[in-house]
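A.B. asks: Structure incoming, see below.
Every number in this text was worked out from the coordinates using simple rules, so none of it is lab data. This one's a predicted model, so the numbers in the text were calculated from it and none came from an experiment. Glycine also receives a Cβ, built like all others from the backbone with ideal geometry; neighbour counts cover every protein chain displayed.
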Amino acid sequence: MTKNNLIVYKSNKVIEAGYKLSLNEQRLILSCIAKVSSSKPLLATERFEVTAKEFSAQFGISLDKTYQTLKKISEQLFERYVIIDNPDPTDKFLKYTKTRWISAINYYPDLGKISLFFSPLLLPYLSELTGNFTFYQLEHIGAMSSIYGIRLYELLMQWKITGKREIEIDWLKKQFQIGDKYSSIKDFKKYVIDPAVKDINTHSNYQVTWTQRKTGRNVTHLIFTFAEKQPETSKNPKKVPKPKEKIIFGVAVSEIERLARIGESYEQAATRINHEKEAAAKKSSLIFDQNVTQNIN
């Protein structure tokens, strides 16, 4: 699979989970998630490998530095954990699950590669996803230099159909595991939001602006508005074949984006559109049959 074909698929439970990874730990996790097959079960025994050459090319790091980077990740990543809120909708008493990202990790200095196994409790959130998930191309976050930029990009991609998302600041701090580090809204915007938005605008395929909302006298929410960047056109553009449009559950993505309701995932919108089309077709057939009967009589 080439660099441009790597796609990250994540359950929205993981997108909105509470965790804190370094920039390079985040990069490695995403590199491995992008290699998960979306068409077959993910087993706890499945090994994912990333070479230094691959990591260097994907994230624009010198090859010499990449060897040390992978070694450092192998020494720390096993201790990182993720907190998934309300993991089981049938169990109202289970408020969250805390699990490690990985169950094992290996570093091969002579081969210049790292391998890992995802934790068993994490597997259902990465594979065979049928709804409430988000996906994006790995290359769109490859040049980002902020852990907050990558995480904010993922949160916005959940709402790419509407191009707008309002997020409570306290919730965002909790999920980013910032704690009381940036207690003032001024510092939070300066060290978290502004660098994240700049990262997205500079390096991703989306352009973001944001405003804030107050509750009483305090700023409590951030409102992000975003849209996909338009490709630059040359004065003498070459004619290229039009790419085949992506289809989800038999519905074109362009139709889904035009008809989707606020909060719907692509899959949910496609399912509803299909049901509405079936209902309309049945109604049309019934009317036709009634007209034929009347004409005969």
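A.B. asks: With a 10 Å radius around each residue's Cβ, average the other Cβ atoms per peptide and rank 80-91, 206-217, 164-175, 142-153, highest first.
C.D. replies: Result, highest mean first: 142-153, 164-175, 80-91, 206-217.
A.B. asks: Under a plain spin-label model, where a point goes 7 Å from the Cα along Cα-to-Cβ, how far apart in nm are R213 and L121?
C.D. replies: 3.3
A.B. asks: When a/c is below 1.5 the answer is rounded, else prolate if a/b is larger than b/c, else oblate, so apply that to the chain with a ≥ b ≥ c taken from the square roots of the Cα gyration tensor eigenvalues.
C.D. replies: Since a/c reaches 1.5 and a/b is larger than b/c, the shape of the chain is classed as prolate.
A.B. asks: Still on this structure, I have one more. Starting with the highest mean, order 122-132, 18-28, 176-186 by the number of other Cβ atoms within 10 Å, averaged over the residues of each peptide.
C.D. replies: Top to bottom by mean Cβ count within 10 Å: 18-28, 122-132, 176-186.
A.B. asks: Under 1.5 on a/c is rounded, so check that first for segment 137-177, then, if it is not, pick prolate when a/b is larger than b/c and oblate when it is not; a ≥ b ≥ c are the square roots of the alpha carbon gyration tensor eigenvalues.
C.D. replies: The shape class here is oblate.
A.B. asks: Which distance in nm do the two modelled labels at I223 and F93 give, with both placed 7 Å along the Cα-to-Cβ direction?
C.D. replies: Once both label points are built, they end up 4.2 nm from each other.
A.B. asks: Segment 13-93: D in µm²/s via Stokes-Einstein (Kirkwood Rh, Cα pairs, 20 °C, 1.002 mPa s)?
C.D. replies: Reported coefficient: 146 µm²/s.
A.B. asks: On average, how much area does the Cα convex hull of segment 79-205 cover when viewed from any direction, in nm²?
C.D. replies: 10.6
A.B. asks: Related question: How high is the FRET efficiency between L43 and K186 when r is their beta carbon distance and R₀ equals 41 Å, given to the nearest 0.05?
C.D. replies: 0.30
A.B. asks: Follow-up. Roughly how far apart, in whole Å, are the Cα centres of segment 13-58 and segment 111-166?
C.D. replies: Taking the Cα centre of segment 111-166 as reference, the centre of segment 13-58 is 9 Å away.
A.B. asks: Let me ask you something else. For labels at L111 and W171 in the simple 7 Å Cα→Cβ model, what's the distance in nm?
C.D. replies: Each label point lies 7 Å from its Cα, and together they span 4.3 nm.
A.B. asks: Between A143 and S62, what length comes free when the chain is fully extended (0.36 nm per residue of separation minus the Cα-Cα distance, one decimal in nm)?
C.D. replies: This chain segment gains 27.8 nm when fully extended.
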